[in-house]
1. Of the residues Ala324, Ala267, Ala252, Ala272, which single one is small (Gly, Ala, Ser) and not assigned by TED's automatic domain parsing to the domain that holds Pro166?
2. Given (1) surrounded by fewer than 17 Cβ atoms within 10 Å (Cβ to Cβ); (2) at pLDDT 95 or above, where does Thr384 come up short, assuming only one miss?
3. Given the structure, is Val492 under 30 Å from Gly362 (Cα atoms) and without any contact (Cβ under 8 Å) to a residue 12 or more places away in the chain?
4. Identify all residues within region 765-781 that are part of a strand (DSSP E or B) and farther than 24 Å from Gln88 by Cβ; write none if there are none.
5. If you check every pair at least six apart or on different chains, which have Cβ atoms under 7 Å apart with a residue in region 241-256 that is in a helix (DSSP H, G or I) first and a residue that is of a type in the set (Ser, Thr, Tyr) second?
6. Which one is farthest from Leu232 (Cα to Cα) among residues in region 262-276 that are assigned to a loop (DSSP other than H, G, I, E, B) and among the charged types (D, E, K, R)?
7. Need pairs with beta-carbon distance below 8 Å; first residue under 19 Å from Tyr771 (Cα atoms) and in a strand (DSSP E or B) and within region 810-838, second at pLDDT 95 or above and among the polar types (S, T, N, Q); sequence gap 6+ or separate chains.
8. Look at Arg454 and say whether it is farther than 23 Å from Val149 by Cα, surrounded by 13 or more Cβ atoms within 10 Å (Cβ to Cβ) and in contact (Cβ under 8 Å) with a residue 12 or more places away in the chain.
Amino acid sequence: MSLSARLPLLLLGFFVVSTALAQVPYGPIKPTPSSEILANLKKLNVLGSVLYVAAHPDDENTLLLAYLAKDRLVRTAYMSLTRGDGGQNLIGPEQGENIGVIRTQELLAARRVDGPDQFFSRAYDFGFSKSTDEAVRTWGQDKVLADVVWMIRKYQPDVIITRFPPDARAGHGHHSASGFLAEEAFKISNDPTKFPEQLPYVKPWQAKRVMWNVFIPGAFLSNKKPEEAGNLIGIETGLYNPLLGKSYGEIASESRSQHKSQGFGVAANRGARVDYLLLKGGDPAEKDPFDGVDMTWKRVKNSEPVQALVTKTIADFRADHPAASVPALVQLYGAISKLDTASIYVKAKQQEVQILIQQCLGLWFETNPADFAATPGETIKLATTIVSRTDAPVKLVNVRYSTSKDTTLSLALKPNDVVLLPAMVAIPKNQAISQPYWLQKPIDRGLFQVTDQRLIGLPENPPVLTASYTFEINGQRFTYTRPVVYKSTDPVDGEIYRPFIIQPEVTANLADRVYVFADNTPKTAEVVLKAGRANVSGTLKLEVPAGWRIEPASLPFSMTAKGDEQRLSFQLSPSAQAQNGKLQAIMTTPTGTFTTGLRVIAYKHIPTQTLFPLAEAKLVKLDVKVSAKNIGYIVGAGDEVPAALQQMGCHVTLLGPADLNGNLSTYDAIVLGVRAYNTDEFLARYQPKLMDYVKNGGTMVVQYVTPNNSFLRNEAPLPQLGPYPFTVGRDRVTEEDAKMTFINPQHPLLNTPNKITAADFAGWIQERGIYFAQDWDKNYEPIFSANDQNEAPKQGSLLYTKYGKGHFMYTGLVFFRELPAGVPGAYRLFANMISVGK
């Protein structure tokens with residue numbers, strides 16, 4: 001059964017206590033202090049909503065979001081068109097859709113701090129874009145526009161706020177596209193003839209207005225009023241909330257600091273701050289973004305008794321005894337339930353009241369499996385724990401798991417008495433594997449392929465397994481549904497929560513992502529199999545394209561315990577007729593055929609993410625010669641260039657401070673990874689020694705660094721990167737097929753040991769280069785000239801100079817993307833660069 005086929009059941013179980021828009025809670029129930037409960041009670045009086053739209057994770061104004069969610073108490077959501085898949089990674093080697101998975105979780109972590117919901121479109125972050133036209137053309141304008149319309153109809157915001165203007169001032173084509181698409185969606189979301197396929201699930205909706213959150217570039221914390229025509233509304237967002245014990249600036253900095261893969265940790269801002277909003281469409285607003293919006297219970301018919309109960313419940317709240325409010329909240333829940341249940345606000349307030357009842361009681365419950373993963377058809381052991389922390393009468397009626405019948409208990413809970421309930425639950429044999437829904441199909445250049453309308457916008461998959469807990473409280477039954485989540489205890493970090501997943505019974509990881517053959521010499525292809533369950537056995541074979549040989553044809557495997565690994569080896573070689581293609585691992589067992597690998601993304605600041613990509617590698621037959629054999633590599637912000645160098649036959653040594661203290665003359669070349677000078681503070685101390693290495697005959701290649709700004713880890717000025725001065729700018733060529741003009745076709749870098757031609761720049765992915773050199777000393781020679789359409793030529797993608805007996809190069813060409821992708825010309829050019837001294 002596919003995820004889409006199971007979606008109605010999952011949603012039915014999970015959203016018993018929430019609207020279909022609520023975020024999946026992760027980890028344990030958060031203890032809620034009385035002051036925060038009071039803030040949540042006050043939110044019951046507010047019936048307004050806002051949708052904030054931008055392009056990437058980290059684009060959002062966390063200060064304004066915190067203010068809207070926690071001061072104005074409106075339903076607030078951030079819609080990021082992309083998951084940040086094209087961004088760089090400061091904490092590890094993940095790129096593309098894998099860094100998108102990390103940044104998705106970082107956004108969810110940020111929202112758990114500042115309060116709003118989080119949504120996405122299907123747009124893939126394909127890298128830097130210089131225009132709105134390029135962005136929407138690559139994504140498919142109608143598809144991403146449909147996604148924004150979908151979220152407007154689904155969330156029903158009163159006000160839409162964009163982070164960026166729909167023009168070049170946004171500084172990035174994705175940014176300007178987000179403003180353009182939000183404004184277009186605002187105009188048509190109430191038209192039933194637009195995207196009618198959405199209407200079985202949502203109704204047309206018209207927001208009151210769309211506004212731009214104007215900012216001054218380079219002065220994000222400035223209180224200066226922007227010079228924009230029109231009625232700018234200023235909002236004081238840098239306020240202190242005594243109930244939360246923090247200012248919104250402090251909350252915002254904590255939220256923004258969740259974007260760790262981007263190096264966006266920031267200091268708290270505790271001073272005054274004004275945010276400005278400018279009307280872009282809809283009804284005018286004079287003093288407030290919600291002018292003309294009735295945010296009281298008057299917007300719901302026959303709600304006068306509810307308004308009276310809310311007011312009385314807030315007035316009677318006792319911070320020293322929150323449970324005393326439970327009878328009033330139960331009464332309030334009943335009154336709200338008599339209203340129009342089709343209203344999104346009736347649903348939202350029902351959810352809020354039900355959560356408030358749990359918070360006031362200190363009611364705690366969770367269900368944990370014995371392992372974080374299971375296979376389809378497997379029976380797993382669950383442990384449910386329930387505690388009521390007050391003397392208020394609470395009866396546990398039953399516990400139900402989404403794959404089994406109710407467990408009827410009718411158990412009166414005693415104060416602080418832990419109830420432990422073991423259970424055995426069978427996973428359905430047709431249960432889908434836990435692959436993120438947007439990665440289940442190949443990316444169509446600029447768009448994730450998601451066909452089920454109900455999944456679009458969700459930040460992550462609905463939970464695999466849920467537990468529903470029904471309590472009787474003051475004569476009324478309430479059912480709370482939460483994901484079943486694995487929990488372990490770390491001796492350093494304490495309790496660690498991890499999503500429960502469904503995995504294949506066997507996975508295969510190839511030792512290399514790319515196998516490069518400069519001749520017909522065989523290479524060993526190693527495959528690591530991992531058992532998803534106990535006692536799994538079968539046959540592994542590697543499929544290769546015509547013209548390639550694989551020996552043996554297949555190998556048997558057998559693993560006894562769940563989690564066991566087995567390493568198998570094949571000999572792989574090309575014939576003279578071999579063409580570039582893919583190597584595919586296929587495992588056959590008595591229960592079926594399996595073709596996926598296993599990728600675990602584990603960082604302390606996000607829940608561990610498990611992916612099951614296809615078990616495949618690229619096969620590249622190319623004419624490449626490399627004279628340099630012994631390479632020293634200084635790792636930067638995480639890339640896979642060292643593995644590519646090894647594929648070319650080089651011996652690679654990763655260099656740290658201790659190695660740089662030693663004899664560097666043994667290395668034919670020293671290569672610095674991307675952003676190495678930004679992330680490795682020790683490099684500044686060793687810069688003189690590296691320059692001596694070059695002067696004495698060494699070859700040094702520096703891959704791109706970023707100009708210093710407040711968002712980088714290393715805010716100290718960059719050292720002089722080469723033997724002669726140059727600076728690093730923000731010039732880039734984003735069109736991956738842009739023409740590369742050879743400034744001096746006779747230059748050794750273009751001729752030795754490989755003759756570089758225009759054909760070597762075919763098949764590049766995402767872009768040509770970023771962070772080009774500029775203002776260089778006359779001793780440097782630029783090698784290439786390139787430009788995007790309608791732009792002036794840029795010559796800073798690769799600089800070369802001879803210094804003493806050696807050679808130095810700085811390059812913004814994106815080898816960190818091209819080499820792992822198996823682009824032949826990138827290998828040939830990089831081979832020339834490291835071999836220039838030989």
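1. Numbers: Ala267 fails: not assigned by TED's automatic domain parsing to the domain that holds Pro166; Ala252 fails: not assigned by TED's automatic domain parsing to the domain that holds Pro166; Ala272 fails: not assigned by TED's automatic domain parsing to the domain that holds Pro166.
Ala324 is the lone residue from the list that is small (Gly, Ala, Ser) and not assigned by TED's automatic domain parsing to the domain that holds Pro166.
2. Looking at each condition in turn, Thr384 falls short on (1).
3. Working: under 30 Å from Gly362 (Cα atoms): yes; without any contact (Cβ under 8 Å) to a residue 12 or more places away in the chain: yes.
Taking the combined requirement at face value, the residue satisfies it.
4. Start the filter on region 765-781 by keeping residues that are part of a strand (DSSP E or B), which leaves 769, 773-774, 781.
Of everything in region 765-781, just one residue is part of a strand (DSSP E or B) and farther than 24 Å from Gln88 by Cβ, namely Glu781.
5. Cβ pairs passing all conditions: Tyr248/Tyr67; Tyr248/Thr237; Ala252/Thr62; Ser255/Thr62; Arg256/Thr62.
6. Filtering first and then ranking leaves Arg270.
7. Close Cβ pairs (under 8 Å, with a partner that is at pLDDT 95 or above and among the polar types (S, T, N, Q)) amount to Thr811/Gln703; Thr811/Ser797; Leu813/Ser797.
8. Working: farther than 23 Å from Val149 by Cα: no; surrounded by 13 or more Cβ atoms within 10 Å (Cβ to Cβ): yes; in contact (Cβ under 8 Å) with a residue 12 or more places away in the chain: yes.
It is false that Arg454 is farther than 23 Å from Val149 by Cα, surrounded by 13 or more Cβ atoms within 10 Å (Cβ to Cβ) and in contact (Cβ under 8 Å) with a residue 12 or more places away in the chain.
The values are calculated or read from the model by the stated rules, or taken from the named source; none is laboratory data. What you see is a predicted model; the values in this text were computed from it and never measured. Heads up, the Cβs are rebuilt from the backbone with ideal geometry, glycines too, and the neighbour counts pull from every protein chain shown.
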